[in-house]
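Colleague: Pasting in a structure now, in C-alpha cells, and then I'll have a few things to ask.
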There are 2 protein chains.
Amino acid sequence: MRSTLKDFKKKALSDPEVAEEYRNLAPAYELRRQLIKIRKDAGLTQEQIAEILQTKKSNISRLENVNSTISPKLSTIEEYAKAAGYRMQIRFIPQSQ
Amino acid sequence: MRSTLKDFKKKALSDPEVAEEYRNLAPAYELRRQLIKIRKDAGLTQEQIAEILQTKKSNISRLENVNSTISPKLSTIEEYAKAAGYRMQIRFIPQSQ
DNA sequence: GACATAGTTATCATTTGTGATAACATTTGA
DNA sequence: TCAAATGTTATCACAAATGATAACTATGTC
C-alpha cells in the first residue's frame, strides 16, 4: 500500500474546507467507534444488547452505523452504555487550545 | 441552617430506591449545570446564544431547565457548546469502579 | 412606580429519532 | 459448501425533540 491512504488524508486535510468538514464529522465517527468498542468489550452482539434494551437489533445497527445521518438522543446513548456496563461522561472543553 | 439539608440528603440517599433514583437523575442535572456554566463563562445570555444558534431564547431555557423531562439530541448539545466556544467530549467509563 | 433585561412556561406545528418488521448481506464454523 | 449467527438496509408508524409565538415572572435600575 505504501501509505497512499495516509498521504491522501494528509493532503485532503490541508484543504481548509475539507478540514472543516472533517472536524465536524470526526466526533460522530468517534462516538460510533466507541459504542461498538464498549459493546464488544462487554462480549455482546447487537441482538443481545438489543434484548437488554428491549428493542431490535436493526435499531442497534442504525445507532452504531457510521453512515447514519441521525443524531441520537442523549438518553439513547446513556442506556446503551449502561447496558454494556459503562456510564457516559460528558465534558466541555474550550475550543482552540 | 445547621446543615439540615445535607443531613436530609445523606439520609435520603441511604434509601436504596432513592439512591437509585438519584443516580439516574444526577447526570441530567449535572449536564444542565455544565451547559449554564459554559454559557455564562462565555458571557452570553440565553437570548444571545439563541441568536447564534438561530433559534429562540425559550428553546434555550427549555434545554437548560433542570426540571425538563426531555433528553436532547447529541447534535443540540454539540452545537450549543460550539456556540459557547467549547467542544463536547464523550467518554465511557466502566461501571462499578 | 416605571422600565428594561433576563429567564420561564405553555402551546402548537414541524422535524426527526426510535420501534418494529422483513428481506438482504456478511461472516464464521462445521 | 452449507448453515447458523451476526450485522445491514429499507420502510412505515409512532413518539419525542425542536422551532416559534406569546404571555408571564423575576430582578435590577432609574
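Colleague: Please verify whether A:Thr69 is farther than 19 Å from B:Gln34 by Cβ, of a type in the set (S, T, N, Q) and more than 14 Å from every other protein chain (Cβ to nearest Cβ), treating the condition exactly as stated.
Modeller: No; evaluated as a whole, the condition is false for this residue.
Colleague: Of (1) modelled with pLDDT under 95; (2) within 16 Å of DNA strand C (Cβ to nearest atom); (3) in contact with a helix residue (DSSP H, G or I) (Cβ under 9 Å, 6 or more places away or on another chain), B:Ile52 satisfies all except one. Which?
Modeller: (1)
Colleague: When region A:81-97 is examined, which residues are found to be more than 7 Å from every other protein chain (Cβ to nearest Cβ) and either under 22 Å from B:Tyr80 (Cβ atoms) or exposed (fewer than 15 other Cβ atoms within 10 Å of the Cβ) (or both)?
Modeller: A:Ser96, A:Gln97, listed by residue number.
The values are calculated or read from the model by the stated rules, or taken from the named source; none is laboratory data. Note that the structure is predicted; figures quoted are calculated from it, not measured. Virtual Cβ from ideal backbone geometry, glycine too; neighbours counted across all protein chains shown.
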